[in-house]
Amino acid sequence: MFLVLICRPRRNRKSSAIRALVQETRLHPSDLIYPLFVIDGAGQREPIASMPGIYRLSLDLLLKEIGKAALLSIPAVALFPVIPKEKKDEEGSEAWNPKGILQQTIRAIKREFPEICVIADVALDPYTSHGHDGVVDERGEVMNDETIETLVRMALVQAEAGVDMVAPSDMMDGRVRAIRESLDDEGFHHVNIHAYTAKYASAFYGPFRDALSSKLKFGDKKTYQMNPANQREALLEAALDIEEGADIIMVKPALPYLDVIAKLREATPLPISAYQVSGEYAMLKAAEQNGWIDGPMALLESVMSIKRAGADMIFTYAAPQIAEWLQR
Ligand code: PBG
């Protein structure tokens with residue numbers, strides 16, 4: 001017997017032309033932010049075991065990599081410095097060295113690629129001997145207000161070096177306001193604050209900590225990063241960051257927190273970013289290398305889902321791979 005079906009959704013899927021017409025979300029290289037790890041020296045290209053295809057690069061090679069990304073129409077990079085052990089200390093004081101590796105890198109990129117948007121993290125973990133994002137007291141507690149003073153110093157040296165956006169990733173309370181006020185006082189009103197707003201205490205940051213040798217020496221980050229069980233709390237963090245002057249708010253990690261992205265999308269007109277973190281990248285690559293999934297397709301699907309959930313822009317280590325694929 002014939003079924004009389006008035007509505008047949010498959011009609012709108014019958015050819016690739018029609019599928020293209022009805023496609024709701026589109027990815028473009030201009031949605032992507034490319035995180036990069038920078039190390040001292042020249043000609044250095046160190047593989048990161050847990051992040052296949054990703055390297056710690058010295059400045060000369062980093063500039064070449066950014067040149068390639070620019071040709072692929074990727075508009076922004078996010079920088080993470082690898083600090084040698086002998087330069088790490090309890091306070092993370094290398095973080096506000098005006099001649100530090102991050103500041104040198106920012107200057108060099110802005111000189112060579114003035115049109116590329118340079119984003120730098122504001123948090124102490126690459127610089128502290130214990131791996132925490134802030135200043136720790138004798139009980140091992142990360143101290144909020146003392147940490148903010150150091151974050152402000154960090155943001156100012158980055159602004160001085162010409163950074164386009166500072167990205168506080170530390171999750172201290174009140175840091176966005178403190179950074180905004182200090183930037184404005186020093187004449188850096190044009191520097192954006194790209195706030196890590198809903199940053200969860202996640203197991204997916206492991207490979208990143210390998211890349212920076214910033215594994216925690218004690219404790220965990222649960223007294224400052226958010227509990228993965230919480231969604232409403234992200235609305236609170238967002239309300240605070242927006243009130244304090246954030247220009248862009250971030251959800252991190254991305255794929256396990258699509259509900260949070262969608263909630264924030266409804267709650268604010270501000271641009272939202274999402275960070276496909278190192279562990280998300282590592283999982284996809286590991287499965288691909290085992291022949292268990294179609295790597296490029298799974299990667300595109302993940303990033304597309306993040307955009308569909310409501311992110312305007314996505315940090316991804318696979319930015320050039322995705323951009324290249326999109327250009328084909
Ligand atoms: C620093 C910072 C982290 C990441 C970005 N900035 C690590 C952490 O908070 O422990 C993680 C990025 C990734 O895993 O790709 N606070």
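The values are calculated or read from the model by the stated rules, or taken from the named source; none is laboratory data. What you are looking at is a predicted structure, and each value in this text was computed from that prediction instead of being measured. Quick reminder, even Gly has a Cβ in these numbers, built from the backbone with ideal geometry, and neighbours come from all protein chains shown. Each accessible area value is taken on the protein alone, full model and side chains, heavy atoms only, with ligands, DNA and RNA left out. Shrake-Rupley method; radii C 1.70, N 1.55, O 1.52, S 1.80 Å.
Conditions (1) open to solvent by less than 50 Å² (accessible area, probe 1.4 Å); (2) more than 16 Å from the ligand (Cβ to nearest atom), marked per residue:
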site: Pro256; (1), (2): no, no
site: Glu280; (1), (2): yes, no
site: Gly291; (1), (2): no, yes
site: Asp294; (1), (2): no, yes
site: Met297; (1), (2): no, yes
Pairs needed: first member in the stretch 215-240, closer than 12 Å to Val260 by Cβ; second member anywhere, open to solvent by 60 Å² or more (accessible area, probe 1.4 Å); C-beta distance under 7 Å; at least 6 residues apart or different chains. Met226/Glu233; Gln231/Asp259; Gln231/Lys263; Ala234/Lys263; Leu235/Lys263; Leu235/Ala267; Ala238/Ala267
Among the residues listed as Pro84, Pro75, Pro9, the single one being more than 16 Å from the ligand (Cβ to nearest atom) and touching a Cys at 6+ places or on another chain (Cβ under 9 Å): Pro75
Could you run through the stretch 179-213 and say how many residues are within 9 Å of the ligand (Cβ to nearest atom), of a type in the set (Lys, Arg) and closer than 22 Å to Ile148 by Cβ? 1
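Collect the residues in the stretch 15-51 that are crowded, with 16+ Cβ neighbours inside 10 Å and not aliphatic (A, V, I, L, M), keeping them in residue-number order. It would help to see each step written out before you state the result.
Going residue by residue through the stretch 15-51, those that are crowded, with 16+ Cβ neighbours inside 10 Å are 27, 29, 31-39, 44, 48, 50-51.
Answer for the stretch 15-51, where residues must be crowded, with 16+ Cβ neighbours inside 10 Å and not aliphatic (A, V, I, L, M): Pro29, Asp31, Tyr34, Pro35, Phe37, Gln44, Ser50.
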Can you find a residue that is away from the ligand (no atom under 16 Å from the Cβ), closer than 15 Å to Pro29 by Cβ and among the small types (Gly, Ala, Ser) anywhere in the stretch 264-275? no
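What number of residues within the stretch 1-44 are hydroxyl-bearing (Ser, Thr, Tyr) and either in a loop (DSSP other than H, G, I, E, B) or without any contact (Cβ under 8 Å) to a residue 40 or more places away in the chain (or both)? Before you say what the answer is, go through the steps one by one.
Narrowing the stretch 1-44 to residues hydroxyl-bearing (Ser, Thr, Tyr): 15-16, 25, 30, 34.
Checking the rest, the ones that are also either in a loop (DSSP other than H, G, I, E, B) or without any contact (Cβ under 8 Å) to a residue 40 or more places away in the chain (or both) come to 15-16, 25.
Residues in the stretch 1-44 being hydroxyl-bearing (Ser, Thr, Tyr) and either in a loop (DSSP other than H, G, I, E, B) or without any contact (Cβ under 8 Å) to a residue 40 or more places away in the chain (or both): 3 in total.
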For Tyr275: the one exception among (1) open to solvent by 10 Å² or more (accessible area, probe 1.4 Å); (2) touching a Ser or Thr at 6+ places or on another chain (Cβ under 9 Å): (1)
